[in-house]
Amino acid sequence: MSADNLESYRFYKMYHQDPINRLIHVICIPGISWSLCALLPPLHSFLLVMFYDAAYLYLFVTHLRHLEMITFLRLSFFLLGIWGSGALYHLYGPYHEIVAWITFVMSWIFQFV
């Protein structure tokens, strides 16, 4: 790892230790994920969630071996829950595009504030 990458990682790690930043991430990342699932057709959003889950599985297997498998399974069920609620809202929710876009934009704004 180069010195620049190591310094970037240290900054990233320090920035993500702040409790307020963590709270914002806990709220906004699922908000962004849900809004994408509510905006995209259910099949596309399912494929997106499966890609995201596969990426975490790769990280889990290659770099995060110290975590228990239950952590990965919890993440998988959480992602499927987000997909399911987003897909149902896409199909049956009133004004699904407006609500999803507002959620998407507001979540990104709070991520950067």
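The values are calculated or read from the model by the stated rules, or taken from the named source; none is laboratory data. A quick note: this is a predicted structure, and the numbers were derived from the prediction, not measured. Backbone-built Cβ (ideal geometry, glycine too); neighbour counts: all protein chains shown. All accessible areas refer to the heavy atoms of the entire protein, side chains included, with ligands and DNA or RNA removed. Shrake-Rupley method; radii C 1.70, N 1.55, O 1.52, S 1.80 Å.
Using the structure shown, decide if F78 is more than 22 Å from R22 (Cβ to Cβ) and either outside any loop (DSSP other than H, G, I, E, B) or without any contact (Cβ under 8 Å) to a residue 40 or more places away in the chain (or both). It would help to see each step written out before you state the result.
On the way: more than 22 Å from R22 (Cβ to Cβ): no; either outside any loop (DSSP other than H, G, I, E, B) or without any contact (Cβ under 8 Å) to a residue 40 or more places away in the chain (or both): yes.
It is false that F78 is more than 22 Å from R22 (Cβ to Cβ) and either outside any loop (DSSP other than H, G, I, E, B) or without any contact (Cβ under 8 Å) to a residue 40 or more places away in the chain (or both).
With the requirement that a residue be open to solvent by 80 Å² or more (accessible area, probe 1.4 Å), at pLDDT below 80 and hydrophobic (A, V, I, L, M, F, W, C), what does segment 43-60 give you?
none
Please state which one of L64, L79 is open to solvent by 40 Å² or more (accessible area, probe 1.4 Å) and modelled with pLDDT under 90. Can you show your working first?
Values: L79 fails: open to solvent by 40 Å² or more (accessible area, probe 1.4 Å).
Matching residue, one of L64, L79: L64.
Yes or no: R22 under 30 Å from G93 (Cβ atoms), in contact with a His (Cβ under 9 Å, 6 or more places away or on another chain) and modelled with pLDDT under 80?
Numbers: under 30 Å from G93 (Cβ atoms): yes; in contact with a His (Cβ under 9 Å, 6 or more places away or on another chain): yes; modelled with pLDDT under 80: yes.
So R22 passes the test.
Within the group M69, M14, which residue is under 25 Å from I109 (Cα atoms), more than 13 Å from the chain's Cα centre (by Cα) and either at pLDDT below 85 or exposed (fewer than 10 other Cβ atoms within 10 Å of the Cβ) (or both)? Please lay out each step first, then the result.
Details: M69 fails: under 25 Å from I109 (Cα atoms).
Only one candidate qualifies: M14.
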